[in-house]
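Single-structure report; data block below.
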Amino acid sequence: MGRDLVERARKGDHDAFAELAGAAISRLDATAWLMLRDKDVAMDAVQNALLRAWRDLPALRDPDRFDAWLHRLLVNACIDLLRRDRRHRFEVVITDTSPMPVVNDATSAIADRDELERGFRRLDPEERAVIVLHHYLDLPLPEVAATLRIPLGTAKSRLYRGLREMHAALDADARLGPDVRERRPA
């Protein structure tokens, strides 16, 4: 992002801010969707982050860090929405002992993707944020830590813990079998 564009936006230039937001919107949308897995909720998170960015922009200390600052606002908005949603959600496990046939074609690829999706949804918002920034947006861990304003060691431990929890969730799903996974809410 251009420093002078950020400076103009900090002084209240709506057009400059619109240009900054327009340049970042596709990456913000992708990040929000990866964290929230719901298009409408992701759009809300992006809107919340952009509103907060406009409101707090005059307080931005380093205009060269606008992009990282904006992503931090978005990640925080996503975490807030995940926490709010988690308070209203509960999981019920239904067991069925009837065997299901094994299918190895395009449906198994979809099942694998769905299985990963269920594992991802079980992560805490903080772990999900680190995994999205590191594995999906290809940010190095020091940049992930800076974006989230956490120590590098914390980013590493959240990444390790999140991946370990996903692996455990996938293993548990594998032991339950496909018939139970299909009926279990994400």
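The values are calculated or read from the model by the stated rules, or taken from the named source; none is laboratory data. Just so we're clear, the structure is a prediction, and the values are computed from it rather than from any experiment. Backbone-built Cβ (ideal geometry, glycine too); neighbour counts: all protein chains shown. Accessible surface is based on the protein model in full, side chains and every heavy atom, while ligands, DNA and RNA are left aside. Shrake-Rupley method; radii C 1.70, N 1.55, O 1.52, S 1.80 Å.
If I filter region 39-60 down to residues being open to solvent by 100 Å² or more (accessible area, probe 1.4 Å) and under 20 Å from THR147 (Cβ atoms), which single residue comes out as nearest to the chain's Cα centre (by Cα)? Only one residue tops the list, namely GLN47.
In region 126-148, of all residues being assigned to a helix (DSSP H, G or I) and open to solvent by 70 Å² or more (accessible area, probe 1.4 Å), the one that is modelled with the lowest pLDDT corresponds to TYR136. On the given criteria, is ALA174 free of Cβ contacts under 8 Å to residues at least 60 places away in the same chain and surrounded by 14 or more Cβ atoms within 10 Å (Cβ to Cβ)? Here the answer is no, as ALA174 does not meet what is asked. Pairing residues of region 1-26 that are over 13 Å from LEU70 (Cβ atoms) and among the aliphatic types (A, V, I, L, M) with residues that are part of a helix (DSSP H, G or I) and open to solvent by less than 50 Å² (accessible area, probe 1.4 Å), at Cβ distances under 8 Å and at least 6 apart in sequence or on separate chains, gives ALA16/LEU5; ALA16/VAL6; ALA16/ALA9.
Taking the criterion of being part of a helix (DSSP H, G or I) and more than 15 Å from GLY119 (Cβ to Cβ), the residues of region 149-159 that qualify are LEU152, GLY153, THR154, ALA155, LYS156, SER157, ARG158.
Considering the conditions (1) modelled with pLDDT of 60 or more; (2) in a loop (DSSP other than H, G, I, E, B); (3) among the polar types (S, T, N, Q), SER98 is excluded by exactly one of them, (1).
The set of residues in region 134-166 that are among the polar types (S, T, N, Q) and under 14 Å from the mean Cα position of the chain (by Cα) contains only THR147. With respect to being at pLDDT 85 or above, out of contact with any Ser or Thr (no Cβ under 9 Å at 6 or more places or on another chain) and either assigned to a loop (DSSP other than H, G, I, E, B) or among the small types (Gly, Ala, Ser) (or both), LEU123 fits the description.
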